[in-house]
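*Asks:* One structure, pasted below without further comment.
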Amino acid sequence: MNIEFTFEWPHTQWSVLHVFKEYYESFIKKNKRINTTYVSSSNFYDGNPAGPFSAQSMIIKNIDTKKYIVVTYWDRPEELRHDGNGWDNKNCVSIITSAGYNSVGDIYKPFTYLPYTLTYESLINTAKKFSFKKNNELSFRGYLYGQRYYLAELNLINITDKKTFPETNYFEELTNNKICLSLNGAGQICNRDVEILGSRSVLFREKLTSNFYNELRPDYHYLTYEHNDDPKIQSEIILNRFDEIKNNKKLLRFIGENGYKWYKNNCTIQSNVKILNKIININQLK
């Protein structure tokens, strides 16, 4: 086979690109008899995150058969199948993602997720155990859009889009707090979710419907609350659930440690690459 890899070579600390590079290099080592070439998507990037030259995705293509596999961290991976985004859909054999797709038994294969930058991988080694966490406050820090924006407007919960620098300050905020709130992003799971898991604190969010290669279990790896489309009712649900759990030390320690273990097995660069090595079936490209 003649296999072509298309992705953007790492030039920043952005974790996604390093997963692609590490997998590509591991593929070459394990498949020395396969003719492998690399094409940089940054040479063609058209500004469309759901397109074939997006920095969010890696394409593995058999040049001879035109069949290809996509690994993507794009928040709305169903858009990779939309007409007009530039994909050769008839030759796509697999889309590997967990960002926002929850279908089972079709072209999509469940994957995992990771923090935003490489810096976080060193920070998790300083994550505080439950007994050393000083704070027990309900707050959220992140981009405000969708329901996040309307929840922030109500001002019933401490929700802000103000960034904190350097990255170590943000991590300290997470790992010092027993419970950390995460609000759905564009594709449900977001960087903040796994950053909370890695901080050894309790991830507190509504139940995820995204599928993962290794199950992320609600009320085992993270604590849940019910969803409501009305921001006022949603705020009340979050606050009431928080009051129920905030002083349950045994439960919080249990959830925090389970989530931390899930992070280490699923959310590092190497664990992402390890999972890709298990689920990518190159024979699909024949």
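*Asks:* Return the loop-located GluC sites (Glu not before Pro) in region 186-251 (DSSP other than H, G, I, E, B) with at most 13 other Cβ atoms within 10 Å of their own Cβ; answer none if there are none.
*Replies:* For GluC sites (Glu not before Pro) across region 186-251 that sit outside H, G, I, E and B with at most 13 neighbouring Cβ atoms in 10 Å, the list reads GLU215, GLU226.
*Asks:* If you don't mind, there's one more thing I want to ask. Extension gain GLU257-SER122, at 0.36 nm per residue separation less the Cα-Cα distance, in nm?
*Replies:* Between GLU257 and SER122, full extension yields 46.8 nm more.
*Asks:* Is any residue of region 158-191 close enough, with backbone N under 19 Å, to a label point placed 7 angstrom from the Cα of LEU144 along the Cα-Cβ axis, and if so, which?
*Replies:* Correct set: 158-165, 181-186.
*Asks:* Tabulate in residue order the Karplus-calculated ³J(HN,Hα) for region 125-132, using 6.51 cos²θ - 1.76 cosθ + 1.60 with θ = phi - 60°, rounded to whole Hz; enter x for Gly and Pro.
*Replies:* So the J values, rounded to whole Hz, are 5, 9, 4, 7, 5, 3, 5, 9.
*Asks:* What do you get for trypsin sites (Lys or Arg not before Pro) in region 203-244 restricted to DSSP loop and a cutoff of at most 14 other Cβ within 10 Å of the site's Cβ?
*Replies:* Sparse-neighbourhood loop trypsin sites (Lys or Arg not before Pro): LYS207.
*Asks:* Under the 0.36 nm per residue contour assumption, what length would be gained going from the current alpha-carbon distance of ASP106 and LYS249 to full extension?
*Replies:* 47.3 nm is the gain from fully extending ASP106 to LYS249.
*Asks:* Right, another one. Report, to the nearest 10°, how far helix 15-30 tilts away from the longest principal axis of the Cα atoms in the chain, using its own Cα long axis and a range of 0 to 90°.
*Replies:* 40 degrees
*Asks:* Out of the trypsin sites (Lys or Arg not before Pro) in region 40-143, which ones are loop residues according to DSSP with at most 10 other C-beta atoms within 10 Å?
*Replies:* LYS134
*Asks:* Output the direction-averaged projected area (hull surface divided by four) of the convex hull of the alpha-carbon atoms of region 185-286, in nm².
*Replies:* Seen from a random direction, the Cα hull of region 185-286 projects 7.8 nm² on average.
*Asks:* Cα convex hull of the chain: how many Å³ per residue?
*Replies:* Spelled out: Cα convex hull of the chain, divided by residues, is 133 Å³.
*Asks:* Multiply the residue gap between GLU236 and ASP64 by 0.36 nm, knock off their C-alpha separation, and tell me the result in nm, one decimal place.
*Replies:* 56.2 nm
*Asks:* Which one of ASN136, GLY187, ILE238 has its Cα pushed farthest toward the positive end of the charge dipole of region 119-267, where Lys and Arg give +1 and Asp and Glu give -1 at the Cβ?
*Replies:* Value: ASN136.
*Asks:* Along Cα→Cβ, 7 Å out, is where each label goes; now give me the distance between the ones at ASN158 and ARG81 in nm to one decimal.
*Replies:* Result: 4.3 nm between the two label points.
*Asks:* Moving to a separate point now. Only four residue types carry charge here, +1 at the Cβ of Lys and Arg and -1 at the Cβ of Asp and Glu. Report the dipole size of the chain about the Cα centre in Debye, rounded to the nearest 20.
*Replies:* That gives a dipole near 1220 debye.
*Asks:* Would you please give the FRET efficiency between THR224 and GLN284, computed as 1/(1 + (r/R0)^6) with r the Cβ-Cβ distance and R0 = 30 Å, to the nearest 0.05?
*Replies:* So the FRET efficiency works out to roughly 0.25.
*Asks:* What is the ratio of the Cα radius of gyration of region 119-267 to 2.2 N^0.38 Å, with N the residue count, to two decimals?
*Replies:* Compactness ratio reported: 0.97.
*Asks:* Turning to a different aspect of this structure: Using a 10 Å cut-off on Cβ atoms, rank the peptides 264-272, 51-59 from the highest mean neighbour count down.
*Replies:* Ranked from most to least packed, the peptides come out as 51-59, 264-272.
*Asks:* I need the phi-derived Karplus couplings for region 246-251: 6.51 cos²θ - 1.76 cosθ + 1.60, θ = phi - 60°, integer Hz, Gly and Pro marked x.
*Replies:* 4, 10, 8, 4, 4, 5
No lab work stands behind these numbers, since they all come straight from the coordinates. From a predicted model like this one, the values you see are computed outputs, not experimental measurements. Cβ coordinates were reconstructed from backbone atoms using ideal geometry, including for glycine residues, and neighbour counts include every protein chain displayed.
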